[in-house]
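For reference, the structure is listed below as structure tokens.
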Amino acid sequence: DAVYHLHFVVPHKGDAALVEFTGLNLQDLIDENWGVMNVEIHPVAASDVPKPSADAIAAAMMTCAKADPKTDIPGAFQTLINGMDDTVTWMAANVKAVPIDTSSVPDLLKDLASGDENMTAREAAHPALVKLGIQIEPLLRDTRRDAPGEFRHRIDWALESLDVGYINDDALRRVMIATRALEIIGTSEALELRARLTQK
């Protein structure tokens, strides 16, 4: 019962780009109750994207953190992306890390990817990952990028099981907004900060 008009400028370098449409908690692909249409992709030079000021970046983070449906959250999030290095610098100074111990995650992901011969460990890996908290989302998203078929579906299930709704803790909410923006900015500095915000 709703139509969303989305417009994003995504930083990219390289000769080719892969655009993938994904979503959590959607119905099956054969269900006609949802869809994507009127997709347009245009190359834009970095010099043509306006750079926001530090005040604009701060205001954009506040808008995203409040999650008020009456505000332009996609526009505010785009401001964070457009800030690029300036956004990374601002976040490093203004977003307080809420790290968790992720030392068990590699073994849990290995178990989650295992076959039926290791079914007990595989089934135990899902709740163990979810129990760690929303901060493992960046690790799951990174692993998902190159995960093969069924393993990818298991990661999606773990992502869906995390508390992807409104986060009551203000510091954690800001951290998770930051991780999404830093992932899209994609520079080495951005990705290093993304890890520091969520991992001990």
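Among the residues of the stretch 146-160, which ones are exposed (fewer than 14 other Cβ atoms within 10 Å of the Cβ) and within 19 Å of residue 100 (Cβ to Cβ)?
None - no residue of the stretch 146-160 is exposed (fewer than 14 other Cβ atoms within 10 Å of the Cβ) and within 19 Å of residue 100 (Cβ to Cβ), so the list stays empty.
Is the stretch 32-39 home to any residue that is open to solvent by less than 90 Å² (accessible area, probe 1.4 Å), in a loop (DSSP other than H, G, I, E, B), at pLDDT 90 or above and of a type in the set (Val, Ile, Thr)?
yes
Any idea how many residues of the stretch 104-127 are within 24 Å of residue 178 (Cβ to Cβ) and in contact (Cβ under 8 Å) with a residue 24 or more places away in the chain?
The number of residues fulfilling the criteria is 3.
Go through the stretch 134-145 and give me each residue that's in contact with an Asp or Glu (Cβ under 8 Å, 6 or more places away or on another chain) and either under 21 Å from residue 98 (Cα atoms) or outside any helix (DSSP H, G or I) (or both).
134, 138, 141
Yes or no: residue 43 over 21 Å from residue 184 (Cα atoms) and either touching a helix residue (DSSP H, G or I) at 6+ places or on another chain (Cβ under 7 Å) or assigned to a loop (DSSP other than H, G, I, E, B) (or both)?
no
Just name the residue that is nearest to the chain's Cα centre (by Cα) out of those in the stretch 81-108 that are small (Gly, Ala, Ser) and within 26 Å of residue 143 (Cβ to Cβ).
Among residues in the stretch 81-108 that are small (Gly, Ala, Ser) and within 26 Å of residue 143 (Cβ to Cβ), the one nearest to the chain's Cα centre (by Cα) is 97.
Does residue 143 satisfy the criteria of being among the polar types (S, T, N, Q), surrounded by 17 or more Cβ atoms within 10 Å (Cβ to Cβ) and either touching a Leu at 6+ places or on another chain (Cβ under 9 Å) or under 20 Å from residue 199 (Cα atoms) (or both)?
Yes; evaluated as a whole, the condition is true for this residue.
Being open to solvent by 40 Å² or more (accessible area, probe 1.4 Å) and β-branched (Val, Ile, Thr) is the filter here; which residues of the stretch 178-200 pass it?
184
So which of 175, 98, 130 ends up being farther than 23 Å from residue 17 by Cβ, open to solvent by 30 Å² or more (accessible area, probe 1.4 Å), part of a helix (DSSP H, G or I) and touching a residue at least 12 places away in the same chain (Cβ under 8 Å)?
Sole residue among the options that is farther than 23 Å from residue 17 by Cβ, open to solvent by 30 Å² or more (accessible area, probe 1.4 Å), part of a helix (DSSP H, G or I) and touching a residue at least 12 places away in the same chain (Cβ under 8 Å): 130.
Please list, ordered by first then second residue, the pairs with beta carbon atoms under 8 Å, 6 or more apart or interchain, first in the stretch 143-157 and under 18 Å from residue 123 (Cα atoms), second at pLDDT 90 or above and assigned to a loop (DSSP other than H, G, I, E, B).
Close Cβ pairs (under 8 Å, with a partner that is at pLDDT 90 or above and assigned to a loop (DSSP other than H, G, I, E, B)) amount to 147/113; 151/113; 154/113; 155/147.
Pick out the one residue from 125, 76, 58 that is farther than 19 Å from residue 190 by Cβ and either touching a Pro at 6+ places or on another chain (Cβ under 6 Å) or open to solvent by less than 60 Å² (accessible area, probe 1.4 Å) (or both).
Just a single option satisfies the conditions, and that option is 125.
The values are calculated or read from the model by the stated rules, or taken from the named source; none is laboratory data. Predicted model, so just to flag it, every value in this text is computed and none were measured. Because the Cβ atoms are built from the backbone with ideal geometry, glycine has one as well, and the counts that use them run over all protein chains shown. Heavy atoms of the whole protein, side chains included, go into the accessibility calculation; ligands, DNA and RNA do not. Shrake-Rupley method; radii C 1.70, N 1.55, O 1.52, S 1.80 Å.
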